[in-house]
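Report on the following structure.
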Amino acid sequence: MGEIISKDLKKNIDTLKNIFIDCDDISYRFIDIGKDKKREACFVFSDGLIDKVLIGEYAIQLLLTLSDSGDVELNLKSSGLEKIAKESIAIPGIKEEKDLDKVVDAVLSGETAFFVDKADKALILSSRGWPTRGVGEPDTETVVRGPREGFTETLKINTTLVRRRIRDPKLKIKNIQIGRRSKTDIAIMYIEDIVSGGILKEVNGRLDKIDIDAILDSSMLEFLIEDNYLSPFPQIENTERPDTLAASLYEGRVGILVDNSPFALIVPATIGTLSQSAEDYYSRWTISTIIRWVRLFAAFLSLLAPALYIAITSFHPGLIPTVLTYYLGASRVNVPFPAVIEAYLMELTLELLRESGTRIAGPIGTTIGIVGGLIIGQAAVEAGIVSPLMIIIVAVTTIASFSLPSYEWASGFRFCRFIFMALAGILGLYGIMLGIVVLSTHFARLESFGIPFSAPYSGLGIEEGDLKDTLVKAPIQKLQLRPIFTFPKNRRRMGKR
Amino acid sequence: MRKRILIILLFSLIFLSGCWDKVEIEQRIFVSDIGVDLYEKEKMNRFIVTYQYPNINAIGKNATEDKKSFVLSTPCSSIFQASRELSTKSPFPFYFKHVKVLILGEELLKEENLVREVIDELNRDTKINKKIQIIAAEGKAKDILNTNISREHTVDGFIYSTVKDNKTSSRFTSQTLTGLISDLDFSGVTLIPRITIRDNRYNISGGCIMKNYKQIAWIDEKENRAISLLNNKVKNETIDTIYKGDLVSYTVTDTRANKKVRIDDGIKADFSIQIEGYLQGYILDQDKTAFRNEVLKEMEEVMEREVKREVEKTINKLQKTYKADIIGIGEHLSKFEPKEWKKIKGSWDQIFPHIEINVSLDIKIRRTGLTK
Amino acid sequence: MQNKNTISNQQIKALLVTTVIGVGVLSLPSDLAMILNNSGWIAIIIGGLLILPFIIIMDRLFKLYPGKTFFQIGRKVMHPIAFNIILIIILSYSILLLSYASRIFAEVIKVYLLETTPTEVIILTMLIAISYIARSKLEVVARVAVMIYPIILGFIIFLIVINLPNADYTNIYPLLDIEYKEIPRGIMAVIFSYAGYEILLLALPFSENNENSLRYCMRGILMVIGVYLIVFFITLSQYGVHQLKREIWPSIAVIKEVDLPGYFLENLDGIVMAAWVMVVYGTMGPFLHASGVILGDIFNVKFHELFVPPLIPIIYSISLIPDNLIESDRIMGRILNYFALISIIIIPTIIFILAYIKRRKDKA
């Protein structure tokens, strides 16, 4: 809908004022430029979005003081605003624009629009300077050793952080806008001679199909483009760290940065990538290998520990060594609830504690966590409502779920845990096994942009050695080829070309 | 979509209606020992079965009661039938997965058919761990389990802990259910330990030879030791002999027994036993030192003579008196000379007493402890 | 990008191994011990080697008509109605096998895990879980096979390690006391345990590297032979040949012989049961999937998912027909043996011969 800018400044400004009626954050600054200060011009900008010093000193002041910006009349006839832009305004980013709607978008994005009377185009001056959080350590992904930079809510800063780590012209950053009203800027980043054309096409295709009012966070984008939105498990990875994003780009994956969100999306994702953390690559390979196995064990615990407890105490006390059985029996002697109810009760209590801990930040939050956990647990045991072993299991389960690097991945297991507890309560160990079997099938069915979700563990990549970096952490000298699950065009990343 | 959810919900109701096997762990009785005695031979209620189970309240840190275990008995027609009879007396159902010990009464052991019934019941059951220890009782099993005598408390049960691993002596040979059946299949005889009550304490010593599911003899501790030596089952033992008037005590650390069976104008079996160990005790006298090679060699010879005498006496008894091939000659033949074995299997009882069995012992004293 | 619905050779091998090692492995040692005593291992080896030629036949069949699935080849070389009849035979074999497997599976679960739960519930829940995997495409089935494969191998290694301290190796002797007359009977008993490789008829056309598929299939069968041999020897050494003949399901019961309380290894039934559920899942899943695909082809419909739910009540009712374990072994087991012979040996051979002749005719 291209409303063309008219040559009449007053008309333009009136149209704009009409569009921006009741938008009191839009300001209009009129100045006179040209020889004898006869030509009228106007800056239109949104007060809080721009860097006022920049506009003030490098645009308004220059235009005001330049007595001879050439003959504006002459300039306008011959080359329009171009001459003014080239000779009189010192702002680095300038564009010409004919379309009034685009001017509106630009103003709302923090650019300044510059109208001159009798010119049928406007200049868009890049002047974004809204209040922003500084680049600091990401809260959700801290490492002991490694860079401490994290993404912020500004797209430009984020792409800059990545560009610093990939100084290759083959790193392509494509900007698009998604969201009819939010017009959120999205940047698609990929390294052209590594990424597979198929994945890129798929990403672009899915992004094009989105038709929604607003994207408020990258997670909303994630849910719109993922393969199976009904699954409890994420099929797209997200990160707050630029180094993680850069490493993923180097593996041949595609990164999506969303304005107003410090979480970048990485596509495609597999079980292997979701269980990796940046720390694995910055520590020595021996400890990283052990930690990876610990994570596997933690995932298993977080999913199955309460269910196994229910199955063993209620259905099969014969499955554990005798000594353990007697102690288990002794610890549950006067507990009024059956194991299933006990387990659900404690899990629910723990979820409540978790939620309340998240709501209240700061010192009160941590206190509630400790108070709640210790005292309520202890009191419950003393009162004889739950058995002490249950408290231990529930606590270990929660700790295990926190040790998984990706929060969504852990949440998937958290959700499934309740289903497994119900299965165990009905059919004992058999129910648990059925659940595991259905869960593995579910993993096998999930795909992420055409790549099987269970990639290194279910066939793709076993021969090419992908397991070297998922099951264990091979030292960097052994990882000379990129993993195959992204089908990169160029596999060699280290050593002789 | 709504219909689908409705169907799923209705379907899942089927599963929620049951939870068929759910019994809470503190609401089970874990039987740890079973004792079987003879009651009335020809009637239905042929056994007296005794269950012993630990008192859950007395275990663990917050033990609220003192009595460590309970015992219940009843006459019944089979071991698992007893659990139904006793359900009239006990608050919770019985659970047999943690049974550790089976004690067979002396009278019962004399009835072959009944023993076969008992063993079959245990073998067929899915829950009973096939490695339960089988013990023969001198007297009635019920009395043994019922005696309220002071004993140290172990979680697994006193009898089980004593019997299960004869790492410290070879006065008895422990036998599991599988071992018993396997032995009786291969050679028709087996050896199970014997439990008695002496001086108000349990005593597991010696053994009972069973042939075809029937007891034929008791053997005492020394004989058991000899048999264990021949069967390569001795782990730790002390041999005391008199050497030149002084007592020499020798601790065994390792034994190795090999048997070779030749068919060479009759069946000949050669056992060669190698024993390694160290000198445990001699006499503290300035003139008598054990640190000389000749002395050690002489001591070895004395011990070899003594042990060989014991072993040969036992073999004699096994062959002539009991006609029981516990030392595994028949089994050896069945595995390594199957064609020969097939020919003589039927008349093994007649052939066994006339087999020539040679024993050669080699005892080595490797060290003399810390002093000379 | 993986749009092409191909499966890698690794996945084919895993699919083969997990489908073949199924319900047969349970009673295999005791059946063989009853017929051949200690030398049952010969029947295992011979049986395994016997089916190698048929795998080669299948591979050749697909090399004759590259790019075509089994159904397309069948329709080309035979009259469509005749081929439909053959498909129905294979389908009935498949359904019968599924019923037999479900029944045996439910019996085992009842014995070891859930005594009083009704058999119907166990079978029904298993079938529902299997229908989830059967409704996916072949690639997913192959992926699940690759995930189950290390569990089976790990379990076998676990068995070996656990039984090492306690086993009496002299029980394996006499090793070479072979009764040659009994070998054919022994092989008949083993054949059912090797059934399952006909899944290759479904999977080979989708292999992404046709050249090497044969090598991987061979490796798969060798691995199956190895697994059966290990199970046989372990159960033999733990039980001794006489007790082995008495046991019904020695492969699972052998874990009850392990009792090392000092090492916290007691009552390991739970682990065995867990692995067992996965093994059965790995066998029944591909079979139900294949049944769905066959039905889909008979009715000429692309989406086999539709046909899986109707099969479930059929399998369920057939599995409940025998009254007890012995009957199910006798009736279903015997029928299955003959069916297996027809479906996995005779039919592929026929199709291959016909295809070969047709190729010759086309070329001439």
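Each residue in segment C:219-236 was checked for being in contact with a Ser or Thr (Cβ under 8 Å, 6 or more places away or on another chain) and either among the charged types (D, E, K, R) or within 14 Å of chain B (Cβ to nearest Cβ) (or both), and 1 of them qualify.
Exactly one residue out of B:330, B:346 is of a type in the set (Gly, Ala, Ser), outside any helix (DSSP H, G or I) and not assigned by TED's automatic domain parsing to the domain that holds residue B:179: that is B:346. Report whether or not residue C:87 is touching a Lys or Arg at 6+ places or on another chain (Cβ under 8 Å) and over 30 Å from residue C:234 (Cα atoms). No.
No other residue among A:384, A:428, A:450 is crowded, with 21+ Cβ neighbours inside 10 Å, of a type outside the set (S, T, N, Q) and within 14 Å of another protein chain (Cβ to nearest Cβ) apart from A:428. Restricting attention to segment A:477-497, does a residue exist that is without any contact (Cβ under 8 Å) to a residue 24 or more places away in the chain and within 9 Å of another protein chain (Cβ to nearest Cβ)? No: zero hits.
Conditions tested, residue by residue: (1) under 25 Å from residue B:217 (Cβ atoms); (2) away from every other protein chain (no Cβ under 14 Å); (3) surrounded by 15 or more Cβ atoms within 10 Å (Cβ to Cβ); (4) aliphatic (A, V, I, L, M).
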{"site": "B:345", "(1), (2), (3), (4)": "yes, no, no, no"}
{"site": "B:348", "(1), (2), (3), (4)": "yes, yes, yes, no"}
{"site": "B:353", "(1), (2), (3), (4)": "yes, yes, no, no"}
{"site": "B:358", "(1), (2), (3), (4)": "yes, yes, no, no"}
{"site": "B:363", "(1), (2), (3), (4)": "no, yes, yes, yes"}
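With the condition kept exactly as written, say whether any residue in segment C:262-271 is under 24 Å from residue C:146 (Cβ atoms) and within 14 Å of chain A (Cβ to nearest Cβ). The answer is yes; a qualifying residue exists. Only one of the numbered conditions (1) farther than 22 Å from residue A:169 by Cα; (2) touching a residue at least 24 places away in the same chain (Cβ under 8 Å); (3) within 14 Å of chain C (Cβ to nearest Cβ) is not met by residue A:239, and that is (3).
Taken together, the criteria place residue A:325 among residues that are in contact with a Pro (Cβ under 7 Å, 6 or more places away or on another chain), surrounded by 19 or more Cβ atoms within 10 Å (Cβ to Cβ) and of a type outside the set (A, V, I, L, M, F, W, C).
Results for (1) of a type in the set (S, T, N, Q); (2) in the same structural domain as residue A:196 (by TED's automatic domain parsing); (3) within 30 Å of residue B:55 (Cβ to Cβ), shown as yes or no for each residue.
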position	(1), (2), (3)
A:257	no, yes, no
A:275	yes, no, no
A:295	no, no, no
A:306	no, no, yes
A:314	yes, no, yes
A:320	no, no, yes
A:336	no, no, yes
A:339	no, no, yes
A:346	no, no, yes
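Scan A:160, A:132, A:142 and give me the residue that is assigned by TED's automatic domain parsing to the domain that holds residue A:241 and either buried (at least 21 other Cβ atoms within 10 Å of the Cβ) or out of contact with any Leu (no Cβ under 8 Å at 6 or more places or on another chain) (or both). Being assigned by TED's automatic domain parsing to the domain that holds residue A:241 and either buried (at least 21 other Cβ atoms within 10 Å of the Cβ) or out of contact with any Leu (no Cβ under 8 Å at 6 or more places or on another chain) (or both) holds for just one of A:160, A:132, A:142, which is A:160.
Going by what's in this entry, would residue A:460 be described as at the interface with chain C (Cβ under 8 Å from one of its Cβ atoms), touching a Cys at 6+ places or on another chain (Cβ under 9 Å) and buried (at least 20 other Cβ atoms within 10 Å of the Cβ)?
no
Only one of the numbered conditions (1) in contact (Cβ under 8 Å) with a residue 12 or more places away in the chain; (2) surrounded by fewer than 16 Cβ atoms within 10 Å (Cβ to Cβ) is not met by residue B:199, and that is (1). Whether a residue is in contact with a strand residue (DSSP E or B) (Cβ under 6 Å, 6 or more places away or on another chain) and either surrounded by 13 or more Cβ atoms within 10 Å (Cβ to Cβ) or at pLDDT below 90 (or both) was assessed, and residue A:192 passes this test. Selection of segment B:319-340 for residues being of a type outside the set (Lys, Arg), more than 14 Å from chain C (Cβ to nearest Cβ) and either free of Cβ contacts under 8 Å to residues at least 12 places away in the same chain or surrounded by fewer than 16 Cβ atoms within 10 Å (Cβ to Cβ) (or both) yields only B:321. Among the candidates B:216, B:181, B:192, the residue that is under 20 Å from residue B:116 (Cβ atoms), surrounded by 22 or more Cβ atoms within 10 Å (Cβ to Cβ) and away from chain C (no Cβ under 14 Å) is uniquely B:192.
If only one of A:245, A:274, A:301 is touching a strand residue (DSSP E or B) at 6+ places or on another chain (Cβ under 7 Å), under 30 Å from residue C:271 (Cα atoms) and of a type outside the set (S, T, N, Q), which one is it? First the steps, then the outcome.
Values: A:245 fails: under 30 Å from residue C:271 (Cα atoms); A:301 fails: touching a strand residue (DSSP E or B) at 6+ places or on another chain (Cβ under 7 Å).
Residue meeting the stated conditions: A:274.
Given C:326, C:314, C:350, which one is closer than 30 Å to residue C:66 by Cα and surrounded by fewer than 18 Cβ atoms within 10 Å (Cβ to Cβ)? Exactly one of C:326, C:314, C:350 is closer than 30 Å to residue C:66 by Cα and surrounded by fewer than 18 Cβ atoms within 10 Å (Cβ to Cβ), namely C:350.
Look at residue C:251 and say whether it is assigned to a helix (DSSP H, G or I), more than 10 Å from chain B (Cβ to nearest Cβ) and under 23 Å from the mean Cα position of the chain (by Cα). Considered against the rule, which asks whether it is assigned to a helix (DSSP H, G or I), more than 10 Å from chain B (Cβ to nearest Cβ) and under 23 Å from the mean Cα position of the chain (by Cα), residue C:251 comes out as yes.
Would you call residue A:26 touching a Phe, Trp or Tyr at 6+ places or on another chain (Cβ under 8 Å) and touching a residue at least 12 places away in the same chain (Cβ under 8 Å)? Here the answer is yes, as residue A:26 does meet what is asked.
Restricting the search to segment C:148-171, which residues are outside any helix (DSSP H, G or I) and either surrounded by 11 or more Cβ atoms within 10 Å (Cβ to Cβ) or among the charged types (D, E, K, R) (or both)? Answer for segment C:148-171, where residues must be outside any helix (DSSP H, G or I) and either surrounded by 11 or more Cβ atoms within 10 Å (Cβ to Cβ) or among the charged types (D, E, K, R) (or both): C:164, C:166, C:167, C:168.
The values are calculated or read from the model by the stated rules, or taken from the named source; none is laboratory data. In this text the structure is predicted, and so the values were computed from the model without any measurement. Because the Cβ atoms are built from the backbone with ideal geometry, glycine has one as well, and the counts that use them run over all protein chains shown.
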